[in-house]
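Presented below is the structure to which this report refers.
The values are calculated or read from the model by the stated rules, or taken from the named source; none is laboratory data. Quantities reported herein were computed from a predicted structural model and do not represent experimental measurements. Reconstructed Cβ throughout: ideal geometry from the backbone, glycine too, with neighbour counts over all protein chains shown.
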Amino acid sequence: MRKQSSGQVFRITGARRSLDEDVRGRQRRYVISMSIRTLSVILTAVLWNVERPVAIVTLALGALLPYVAVVFANGGRENVTSLPSTFVPAPSRPALGAAPMGGSAPSAAEPPADDHAARLREQG
């Protein structure tokens, strides 16, 4: 088998990330969020008798962060801003022209003259 080497390089600009990469990214964001929550709960316990206003803020962060982490983790796949267009427009049909300026338009009752048939009549 011979390797073909063409000078063209094709790019896929509208391709989405693979499902494995997407799931891995969402799991990573969830683990980071839960690590921050764990740290804030530990800080709440440590700071409760030392600095109560800061402990209350870390407690609120520890209480709200699981909800935010789940919403971000289950947010689904990313929105693709520009996908390649698959729309193929229908071929345009030429418009009917106007009637000739010098003559009158043929009426619907009389069929248009066939050039070949007219030539045969003239010859015969």
Practice task
Would you please list the contacts, defined by Cβ atoms under 9 Å and residues six or more apart or on different chains, that run from a residue in the range 55-73 that is farther than 16 Å from Thr44 by Cα and β-branched (Val, Ile, Thr) to a residue that is modelled with pLDDT under 90 and part of a helix (DSSP H, G or I)?
Solution key: Val68/Ser33; Val70/Tyr30; Val70/Ser33
Exercise for the section: Please indicate, with yes or no, whether at least one residue in the range 8-16 is closer than 27 Å to Asn74 by Cα, hydroxyl-bearing (Ser, Thr, Tyr) and modelled with pLDDT under 85. Expected result: yes
Exercise for the section: Residues being closer than 25 Å to Val23 by Cβ and in a helix (DSSP H, G or I): count how many of those fall in the range 40-74. Expected result: 10
